[in-house]
1. Could you name every one of the helices (runs of 4 or more DSSP H) located completely within segment 1-83 that has at least 1 residues being within 20 Å of Asp113 (Cα to Cα) and either more than 13 Å from the chain's Cα centre (by Cα) or aliphatic (A, V, I, L, M) (or both)?
2. Based on this model, can you work out whether Pro80 counts as within 21 Å of Phe33 (Cβ to Cβ) and exposed (fewer than 14 other Cβ atoms within 10 Å of the Cβ)?
3. If I ask for residues that are more than 18 Å from Leu105 (Cα to Cα), of a type in the set (Asp, Glu) and in contact with a helix residue (DSSP H, G or I) (Cβ under 7 Å, 6 or more places away or on another chain), which ones from segment 1-40 would you list?
4. Go through the residues of segment 7-16 one by one and say whether even a single one is without any contact (Cβ under 8 Å) to a residue 40 or more places away in the chain and basic (Lys, Arg).
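Nothing in this text is a laboratory measurement; each read-out follows from the coordinates by a stated rule. Only a predicted model underlies this, so the values are computations on that prediction, with no experimental measurement involved. Note that each Cβ is placed from the backbone with ideal geometry, even for glycine, and that neighbours are counted across all protein chains shown.
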Amino acid sequence: MSDKIKKILIIDDDEDYQTLLSALLTLDGYETFTAYNPLDGIDILEKERPDLIIMELMLPYFEGTRFIDWLEEENRHAIPILIITSLNRHEGTKTAEAANVKEILFKPSHRTDILYKIKNILRE
């Protein structure tokens, strides 16, 4: 594993979930930034360079898929995305595939599953 601390941006409108996920990732050695919606996420992306974005699909102001489209348009598509969604399995999978996102988990997800996915995505 690299000595560089990996940065993770969490975009989710459930503030309790944000807090829980941020605490879990911080305890595992990651630096986290949280955003309530994609607009706040864009502000953070302007200041930070996260190694990974974890996001919900159903968000205020505009859906997660529109945020993913924005990343493509702004040529930031190299940042990997992990979707952790409360959508049902069928809808979540269909929406993630349409947005070209291959990594998805469904709420509630066990902490070991979340950490495994993150380490796999970041190749740690």
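1. Details: elements: 15-27, 38-47, 64-73.
Counting at least 1 such residues, we get 15-27.
2. Values: within 21 Å of Phe33 (Cβ to Cβ): yes; exposed (fewer than 14 other Cβ atoms within 10 Å of the Cβ): no.
Criteria not met by Pro80.
3. Answer for segment 1-40, where residues must be more than 18 Å from Leu105 (Cα to Cα), of a type in the set (Asp, Glu) and in contact with a helix residue (DSSP H, G or I) (Cβ under 7 Å, 6 or more places away or on another chain): just Asp28.
4. Just the residues of segment 7-16 that are without any contact (Cβ under 8 Å) to a residue 40 or more places away in the chain, to begin with: 15-16.
Right, trim to basic (Lys, Arg) and you get none.
Checked against the condition, which is being without any contact (Cβ under 8 Å) to a residue 40 or more places away in the chain and basic (Lys, Arg), segment 7-16 yields no hits at all.
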